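Read through the structure below, which is laid out as structure tokens, and then see the notes.
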Amino acid sequence: MGALFDNHRAILGNGNMDRPMKVILTGGTGFLGEYLLAELLTCGHLVWCLYRSESRKLDTIRFLGSLGLPRSAESLHWFKGDVLDAADRWDDWRNEYPGLEDVDTLLHGAASTRLYMDEQGEPLRTNLGSARVLRKLVERHPMNVHVISTAYVCGLIQGAMMHEVNHPRGDFVNVYEESKWEAEQIWMGGATLLRPSVIVGHSETGRCTSFSGWYILFQAVHLLDRLLGANLGVDRLNLNIDIPADPGGTINMIPVDYVAKAAVRIIENPENHNKIFHLSHPSPPTHEWTMDFVCRRFNLGGLRFSRAAAPFAQPRSRIERMVWRQMQTIRFHFSNSPSFDRTNTDRATADLDVPPMSEARVAKLIDYAIEQDWGQSPH
Ligand SMILES: NC(=O)c1ccc[n+]([C@@H]2O[C@H](COP(=O)([O-])OP(=O)(O)OC[C@H]3O[C@@H](n4cnc5c(N)ncnc54)[C@H](OP(=O)(O)O)[C@@H]3O)[C@@H](O)[C@H]2O)c1
């Protein structure tokens, strides 16, 4: 595998990046993908964006238009297909879409972000399948490969520092994280692995199109707020609800615009290729800080994180049961609390500041999510 990719670099002759990259982007219509696409275009690279759905493509074109992108007709080309067909359909695509045969870079962001397995075998089907298929494609058509993974390929960790290395198979929080770890194994040594932590909305506007992960706590509390509005019998300032997690723990959240900027900055420099990068926040808020903020935001009290070791067998009240249910999918996220070393990322992006997670910024993210009804209303 290593020799194969060394060979690719020799063929490309990309000793330095003084010319635009010609990039195939997968997942360009997704939450992060739209920002990756915008950043690539802003930096003057030429992009061939794989898409599946006309309506998602139109949404993305509208989003790019709001940023004044693309700046020229030649810089962005769309080609339609499923990433799982990439190896089989490559020759057809090359014939159908002129210029595709000249691409030198693959930025692979497409994935299934389902946390648990469905009947179609997602997320394994797409996340492992795409790694296998694209690896096969790259054997035939040499490219520099950069893959969007996740910082949580480390599995369930209590407080330890995770380095930018290949992790041994962990005790995974869900099948999604396992699928991303498996995909990393397929690429290891032959692709740059970009590992964002939990991606949240834009650092200035709050714009977001995927309200999972970190947002779920806020959504649960917002729901509680609305329920209590209709129930005058409950003392909203003294709810007495425990959520089992270390109050000093963190969910590492990172704004989508930072992830996109850092990712493009990293892949532009060939010295960074085939290394691992944590696109994580150097100082994420603690659970305690977040809960204090959320209580003030919704004028609630008596919601708290209890220590991870606290008994968590039965909810003590109807309301506690409701909050736990609502947070079911991410309960483990709150008890998973790794820290992420950023040595490689800091070296590669020294002039790029990470937006601090200030109260004003978190308020902006929540306000935007509420305005969008947590993704239920069209963005
Ligand atoms: N969101 C996070 O918090 C987070 C954190 C760490 C890492 N990541 C990683 O970041 C990447 C982007 O995540 P996201 O949150 O932006 O996800 P997303 O909004 O669900 O976007 C996924 C993208 O992948 C495309 N896609 C999925 N299956 C495909 C297939 N078979 N063929 C072609 N395209 C396919 C989707 O196309 P359609 O538009 O047609 O559906 C969409 O463009 C993923 O690799 C994810 O694992 C995300």
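The values are calculated or read from the model by the stated rules, or taken from the named source; none is laboratory data. Quantities reported herein were computed from a predicted structural model and do not represent experimental measurements. Here the Cβ positions follow ideal geometry from the backbone for every residue, glycine too, while neighbour counts run over all protein chains shown. Note: accessible area is taken over every heavy atom of the protein model, side chains too, but ligands, DNA and RNA are not part of it. Shrake-Rupley method; radii C 1.70, N 1.55, O 1.52, S 1.80 Å.
Worth pointing out:
- Applying 1/(1 + (r/R0)^6) with R0 = 30 Å to the Cβ-Cβ distance of GLU119 and ARG226 gives a FRET efficiency near 0.35.
- Between LYS80 and GLU54, the simple spin-label model (points 7 angstrom out along Cα→Cβ) gives 0.7 nm.
- A straight chain from ARG140 to GLN185 at 0.36 nm per residue would run longer than the Cα-Cα distance by 14.2 nm.
- Mean separation of Cα pairs under 8 Å and 6 or more residues apart, divided by the residue count, gives region 103-248 a relative contact order of 23 percent.
- Under the convention that each Lys and Arg Cβ holds +1 and each Asp and Glu Cβ holds -1, the size of the dipole of the chain around its Cα centre is about 680 debye.
- ALA160-ARG71 pseudo-label distance in nm [points 7 Å out on the Cα-to-Cβ vector]: 4.6
- Other residues with beta-carbon under 9 Å from the beta-carbon of ASN299 carry, at +1 per Lys or Arg and -1 per Asp or Glu, a net charge of +2.
- With 0.36 nm allotted per residue and the present C-alpha distance subtracted, the ARG89-ASP171 stretch has 25.9 nm of extension available.
- Share, in percent, of DSSP beta bridges within the chain that are antiparallel, nearest 5: 5
- In the chain, the DSSP-assigned H stretches of four residues or longer account for a calculated mean residue ellipticity at 222 nm of -12000 deg cm²/dmol, using -39500 (n - 2.57) per stretch and the full residue count as denominator.
- Relative contact order (%) - the chain, alpha-carbon pairs under 8 angstrom, separation at least six: 19
- Extreme residue, positive dipole direction of the chain, given options ALA245, ILE216, VAL323 (C-beta unit charges): VAL323
- If R0 equals 45 Å, the separation of the Cβ atoms of GLU271 and SER306 corresponds to a calculated FRET efficiency of about 0.45.
- Å² per residue, accessible surface of the chain at 1.4 Å: 44
- The THR205 and VAL234 beta-carbon pair, evaluated with R₀ = 30 Å, returns a calculated FRET efficiency of approximately 0.30.
- Summed residue charge, Cβ within 15 Å of LEU239's Cβ, Lys/Arg positive, Asp/Glu negative: +3
- Chymotrypsin sites (Phe, Trp or Tyr not before Pro) within region 43-119, DSSP loop, no more than 15 other Cβ atoms inside 10 Å: TYR116
- Look at the Cα gyration tensor of the chain: its axes a ≥ b ≥ c give a/c of at least 1.5 with a/b over b/c, and that counts as prolate.
- The chain: DSSP helices with Cα axial extent of at least 20 Å and average Kyte-Doolittle hydropathy no lower than 1.0: 215-229
- For region 205-318, the square roots a ≥ b ≥ c of the C-alpha gyration tensor eigenvalues yield an a/c of 1.5 or more together with a/b exceeding b/c, which makes the shape prolate.
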